[in-house]
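Novice: Starting off with a structure, shown below.
The values are calculated or read from the model by the stated rules, or taken from the named source; none is laboratory data. Keep in mind the model is a prediction, meaning the values are calculated, not measured. So basically every Cβ, Gly included, is an ideal-geometry build from the backbone, and we count neighbours across all protein chains shown. In case anyone asks, the SASA skips ligands and DNA or RNA and just uses the protein heavy atoms, side chains included. Shrake-Rupley method; radii C 1.70, N 1.55, O 1.52, S 1.80 Å.
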Amino acid sequence: MEWIWGLAGSLLIAGAAYWRGSLSVSGLISAIILGTLMFVFGSLAWFGTLIAFFISSSVLSKLKHQRKAAAESGYAKGGRRDAGQVAANGGLGLVLCIGNAIWPDPVWWVLFVGVMATVTADTWATEIGGMSSSEPRSILNGKRVPAGTSGGISTIGVLASVVGGAFIGCLSGWFSTIGDMDYEIVATPVLIIFGALSGLLGSLADSWLGATWQVMYQCTVCGKTIEKEVHCGQNAKQIRGFRFMTNDRVNALSSLVGGVVCYVLWLVSAQL
């Protein structure tokens, strides 16, 4: 029955997102697979936390889309999430979920909360920060950079990352109390703090990686610094970063950072 319920729920939610233009065809297929497996190997807590991220991020991506269009023109991916983005945001969470199914231990859940808090915080920071009326500043030197620049952060974006992480901490705590988990990690108010801090630090790690390791190109036609290899119909020139370190891999790596931060916070709290 888990397969049926998981597939039905994933089809409904991912199908609605595809219809609203938040997912591409590959993203739709990947989201259905990811959601189904999360439900089968996890529980309401795992599946619900994933869906909370997905729905909230999809809604935010549609807010003031025209205002963000200019910034998104240089992104490697557009507003419709593809299979790579779905895997980058939910793949590690699924691995942790399956790990818990094979070898049940609270550590898996702690890491999962940090991972999901980070991907939520980073997405909220990008979507809400992209609506800021002022230019962001580089996380490396504090200088103003054009909207959409990898490594650029803004006050409203940082605040959004804190709220996004706290949102996941709150819902994951609530889901864990009504689900069928065999253990309660910490009280929900503490988990909110864990989510906010791990989401913030994971999101900042994403910005730092975006400004240093992520591959970036310069359009040979308009001169704009971009994340994708082709712009204005021409091949762009690589100007920094590692070619293998795409935006999706930066997202996945930063989510791991957020998971580790949440784990460290949990260890510290256990000693108090």
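Novice: With the structure loaded, tell me whether L44 is more than 24 Å from F167 (Cα to Cα) and open to solvent by 40 Å² or more (accessible area, probe 1.4 Å) or whether it fails that test.
Specialist: Criteria not met by L44.
Novice: Is it the case that V119 is modelled with pLDDT of 90 or more, open to solvent by 20 Å² or more (accessible area, probe 1.4 Å), in a helix (DSSP H, G or I) and within 25 Å of R249 (Cα to Cα)?
Specialist: no
Novice: I've got another one for you. Which pairs do you get when a residue that is touching a residue at least 40 places away in the same chain (Cβ under 8 Å) and within 11 Å of V158 (Cβ to Cβ), found in region 195-208, comes within reach of a residue that is open to solvent by less than 40 Å² (accessible area, probe 1.4 Å) and hydroxyl-bearing (S, T, Y), reach meaning Cβ atoms under 6 angstrom, with the pair 6+ apart or on two chains?
Specialist: Once the first residue is touching a residue at least 40 places away in the same chain (Cβ under 8 Å) and within 11 Å of V158 (Cβ to Cβ) and sits in region 195-208, its partners that are open to solvent by less than 40 Å² (accessible area, probe 1.4 Å) and hydroxyl-bearing (S, T, Y) give G199/T118; G199/S161; L200/S161; S203/S161.
Novice: Would you say G173 is at pLDDT 85 or above and open to solvent by less than 20 Å² (accessible area, probe 1.4 Å)?
Specialist: Considered against the rule, which asks whether it is at pLDDT 85 or above and open to solvent by less than 20 Å² (accessible area, probe 1.4 Å), G173 comes out as yes.
Novice: List pairs: first residue in region 91-103 and within 14 Å of T36 (Cα to Cα) and part of a helix (DSSP H, G or I), second residue open to solvent by less than 30 Å² (accessible area, probe 1.4 Å) and not hydrophobic (A, V, I, L, M, F, W, C) anywhere in the structure, Cβ distance under 7 angstrom, at least six positions apart or on different chains.
Specialist: From region 91-103, the pairs are C97/G42.
Novice: Residues of region 28-38 being within 14 Å of L12 (Cα to Cα) and either polar (S, T, N, Q) or crowded, with 21+ Cβ neighbours inside 10 Å (or both), which ones?
Specialist: L28, S30, A31, I32, L34, G35, T36
Novice: Also, quick follow-up: Can you name every residue in region 127-144 that is surrounded by 11 or more Cβ atoms within 10 Å (Cβ to Cβ) and closer than 26 Å to S56 by Cα?
Specialist: Selection gives E127, I128, G129, G130, M131, S132, E135, P136, R137, I139.
Novice: All but one of (1) farther than 25 Å from G142 by Cα; (2) β-branched (V, I, T); (3) open to solvent by less than 30 Å² (accessible area, probe 1.4 Å) hold for V230; which doesn't?
Specialist: For V230, the failing item is (3).
Novice: Looking at V221, V215 in this structure, which one is crowded, with 17+ Cβ neighbours inside 10 Å and farther than 21 Å from W124 by Cα?
Specialist: Just a single option satisfies the conditions, and that option is V215.
Novice: Residues that are of a type in the set (A, V, I, L, M), open to solvent by 30 Å² or more (accessible area, probe 1.4 Å) and either closer than 20 Å to A52 by Cα or under 17 Å from the mean Cα position of the chain (by Cα) (or both): does region 161-168 have at least one?
Specialist: yes
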